[in-house]
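**Student:** Below: one structure in structure tokens.
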Amino acid sequence: MDIRKIGIVGAGQMGNGIAHVCALAGYDVVMNDVSQDSLDKALALIDRNIERQVSKGRITAGDKSAAMARITTTLTLADLGPSDLIIEAATERETVKQAIFEDLLPHLKPETILTSNTSSISITRLASRTDRPERFMGFHFMNPVPVMQLVELIRGIATDEATFKACKSVVDRLGKTAASAEDFPAFIVNRILMPMINEAVYTLYEGVGNVKSIDEALKLGANHPMGPLELADFIGLDTCLAIMNVLHDGLADTKYRPCPLLTKYVEAGWLGRKTERGFYDYRGEVPVPTR
């Protein structure tokens, strides 16, 4: 299938990043959100981020103008109907995603491929609520989308080979690398990454080390670019907890039990960078450990 027009549901951190890379790769992009303010902020952020690429000499000013001209926005979900490929990048809640796909279905072309950028929810289950489970798959970008080179392509139990090949061709055109994953809780990256973060929180909870020593140990001892607690703050502690709960519920193994301290931070509303407090306090000029 020849994919030319891509619809994106959600103009948040992931959605605007996906719109950015798709428009630069030459796709026509329609970005939808429930808030005009979110759409306006997304366009302004995409403009700034592409301008940064121009200033570094990675693309030309002409490339930027052409990419920005390919992006349109809409508050009406039905406007995504003519798209060849739809990438849902809404809130990581299954009921929200199911409602979006149900609202989309009456407006789609028969050949339109549906995908979700979910980091952990069952692709098979999402697909089963649509009229095209064979043309449905997981399309999981890493954050921040313009920088990170990996995309996880997750087949549901019914996903056909033509759908996989069509999505793989999009990843190739974006200049990214596809990792093929089967549909099990949290797929590949988060199946490995989140238990490591959770174990770092346990290490803090049990007093083995403080925030600074744990992060320095992994940066200098394992050559990680960012410590696990710093990374958790970047991802969002609510997201980390949600993925750990998906692993714990989906695999029924106690090794995936979320650390009580992670739960406590989320209950406090200390979700990391986005709320200015998590394992670090970001309200001053320099982040300060909170433990």
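**Student:** From the backbone phi of region 115-130, what are the Karplus-calculated ³J(HN,Hα) couplings (6.51 cos²θ - 1.76 cosθ + 1.60, θ = phi - 60°) in whole Hz, Gly and Pro given as x?
**Tutor:** Once θ is set to phi - 60°, the couplings for region 115-130 become 9, 10, 8, 3, 9, 7, 6, 4, 5, 4, 5, 4, 4, 5, 8, 10 Hz.
**Student:** Right, another one. With a Förster radius of 30 Å, plug the Cβ-Cβ distance of ARG291 and GLN149 into 1/(1 + (r/R0)^6) and report the FRET value to the nearest 0.05.
**Tutor:** 0.35
**Student:** Round to a whole angstrom and tell me the spacing of the C-alpha centers of region 120-155 and region 189-210.
**Tutor:** Region 120-155 and region 189-210 have Cα centres separated by 26 Å.
**Student:** Can you list which of the DSSP-assigned H helices in the chain have a Cα extent of 20 Å or more along the long axis and an average Kyte-Doolittle score of at least -1.0?
**Tutor:** Long hydrophobic helices here: 36-55, 189-205, 237-251.
**Student:** Could you tell me the center-to-center distance, by alpha carbons, between region 231-268 and region 19-88 in angstrom?
**Tutor:** Between the Cα centres of region 231-268 and region 19-88 lies a distance of 32 Å.
**Student:** Let me ask something else. At what distance in nm do the modelled label points of ALA179 and ALA268 sit from each other, each positioned 7 Å from its Cα along Cα→Cβ?
**Tutor:** 3.1 nm
**Student:** Quick check of the Kirkwood formula: for region 99-178, what is the inverse mean of 1/r over all pairs of different Cα atoms, in Å?
**Tutor:** Taking every pair of different Cα atoms in region 99-178, averaging 1/r and inverting gives 13.0 Å.
**Student:** Hey, another quick one. Taking the radius of gyration and the Kirkwood hydrodynamic radius from Cα positions alone, what is the Rg/Rh ratio for region 67-204, to two decimal places?
**Tutor:** Result: Rg/Rh = 0.98.
**Student:** What number, in percent, do you get for the relative contact order of the chain if the mean sequence gap of Cα pairs under 8 Å and at least 6 apart is divided by its residue count?
**Tutor:** It comes to 13 percent, rounded to a whole number.
**Student:** OK, next. Counting helices only, and only those DSSP H runs with n ≥ 4, report the 222 nm mean residue ellipticity of the chain as the sum of -39,500 (n - 2.57) divided by its residues, in deg cm²/dmol to the nearest 500.
**Tutor:** It comes out at -14000 deg cm²/dmol, rounded to the nearest 500.
**Student:** Suppose the chain between VAL54 and VAL208 were pulled fully straight at 0.36 nm per residue; how much longer would it get relative to their current alpha carbon spacing?
**Tutor:** Net length gain for the segment: 50.9 nm.
**Student:** Which of the lysines could a cross-linker bridge to LYS165, judged by Cα under 17 Å and excluding same-chain residues fewer than eight apart?
**Tutor:** LYS5, LYS176
**Student:** Next question. Computed over the Cα atoms, what is the radius of gyration of the chain divided by 2.2 N^0.38 Å, N being its residue count?
**Tutor:** Cα-based Rg divided by the globular estimate yields 1.03.
**Student:** For region 52-137, with equal point scatterers placed on the C-alpha atoms only and solvent neglected, what are the log10 I(q)/I(0) values from the Debye formula at q = 0.19 1/Å, to two decimals?
**Tutor:** Summing over Cα pairs of region 52-137 leads to -0.84.
**Student:** Compute, for the chain, the length of the dipole vector about the Cα centre, with Cβ point charges of +1 (Lys, Arg) and -1 (Asp, Glu) only. Units Debye, rounded to 20.
**Tutor:** Around 520 debye, computed over the chain.
**Student:** Packing-wise, with mean Cβ within 10 Å as the measure, how do 30-38, 205-213 rank, highest first?
**Tutor:** Sorting 30-38, 205-213 by mean packing, highest first, produces 30-38, 205-213.
**Student:** If you line up the Cα atoms of region 171-291 on their principal axes, what length do they span on each, largest first, in Å?
**Tutor:** Projected onto the principal axes, the Cα atoms of region 171-291 cover 40, 36, 29 Å.
**Student:** Could you work out which residue, out of ALA252, ALA90, ALA179, moves most in a Gaussian network model of the chain, that is, has the largest mean-square fluctuation with Cα springs under 10 Å?
**Tutor:** Result for the chain, Cα springs under 10 Å: ALA252 fluctuates most.
**Student:** Oh, and also: What is the total of Lys pairs in region 23-110 with C-alpha atoms under 29 Å apart, excluding same-chain pairs fewer than 8 positions apart?
**Tutor:** Taking the Cα cut-off of 29 Å, the pair count is 5.
**Student:** Let me ask something else. What nm value, rounded to one decimal, do you get for the distance between GLU276 and GLN36 when each label is placed 7 Å out toward the C-beta?
**Tutor:** Simple spin-label model gives 2.9 nm for this pair.
Read-outs: derived from the displayed coordinates by stated rules, not from any lab. Computed from a prediction, not measured in an experiment: that's the story for all the values here. No Cβ is skipped: glycine too gets one built from the backbone with ideal geometry, and neighbour counts run over all protein chains shown.
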